[in-house]
1. Could you please state how large a percent of the accessible area of the chain is carbon and sulfur, counting protein chains only and using a 1.4 Å probe?
2. Tell me, how many Å apart are the Cα centres for the range 65-106 and for the range 19-60?
3. Could you grab the relative contact order for the chain? Cα pairs under 8 Å, six or more apart, rounded to a whole percent.
4. What GluC sites (Glu not before Pro) does the range 69-128 have in DSSP loop regions with at most 10 other beta carbons within 10 Å?
5. For the range 50-127, count the residues as N, evaluate 2.2 N^0.38 Å, and divide the Cα radius of gyration by that value, please.
6. I need to check one value: relative contact order of the range 1-88, counting alpha carbon pairs closer than 8 Å and at least 6 residues apart, in percent.
7. If you project the alpha carbons of the range 1-110 onto their three principal axes, what span does each projection cover, largest first, in Å?
8. With n ≥ 4 as the cut-off for DSSP H runs, can you work out [θ] at 222 nm for the chain, using -39500 (n - 2.57) per run divided by the number of residues, rounded to the nearest 500?
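The values are calculated or read from the model by the stated rules, or taken from the named source; none is laboratory data. For clarity, every value in this text was computed on a predicted model and none was experimentally measured. Neighbour counts are summed over all protein chains in view; Cβ atoms, including those assigned to glycine, are modelled from backbone coordinates with ideal geometry. Surface accessibility is based on the protein's heavy atoms, side chains included, excluding ligands, DNA and RNA. Shrake-Rupley method; radii C 1.70, N 1.55, O 1.52, S 1.80 Å.
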Amino acid sequence: MRGINASGCGEYSRKQLDELAEYVKKFGAKGLAYIAIPATGEPRSAFTKFLQPERVQAIIQRLEGKKGDLLMFVADKPAVVFESLARLRVLMAERLGLADSNVLAFCWVIDFPFVNWSEEDQRWDPSHHLFTAPMPEDISLIDTIQAGRAPAV
């Protein structure tokens, strides 16, 4: 389970929250949990009634939530969580005018996993462009890959 803080969105309506929940479902998430912290009043959420108040406060503190914020959570396998929240973060940045469409910001990713296990297909799939080579020190490990387990590095 991971979460993001959409600062200033604590007053989102139920309709807007349902729309965001449907959005993350496109990327494999089963739904979207949230804690809306309105400018006035108590935080509202469907899941906080199952938690002790100090636990709710710890979650809010962990995500640096304050009055007016919307804390959104996805709980699933890491790949689903990361993809869903990444897409949600980009969507919220666009909605809030935080992403400048005139700026190109490049990023070089290094040391990413060579392959990822596909539960659906029961096989290893490349996690990047097929013509990218593994790290030289990992080449000897390629033959050690077993179904469902990454090599020990």
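1. On the way: 6230 of 11150 Å².
So the carbon and sulfur contribution to the accessible surface is 56 percent.
2. Here the answer is 15 Å between Cα centres.
3. Averaging sequence separation for qualifying contacts and normalising by length gives 24 percent for the chain.
4. Details: sites: Glu83, Glu94, Glu119, Glu120; in loops: Glu119, Glu120.
Loop-located and lightly packed - Glu119, Glu120.
5. Working: Rg = 17.4 Å, N = 78, 2.2 N^0.38 = 11.5 Å.
Taking N as the residue count of the range 50-127, the ratio is 1.51.
6. Values: 145 pairs, mean separation 41.4, N = 88.
Averaging sequence separation for qualifying contacts and normalising by length gives 47 percent for the range 1-88.
7. 42, 30, 28
8. Working: 3 runs with 40 residues, N = 153.
The per-residue figure over the chain is -8500 deg cm²/dmol.
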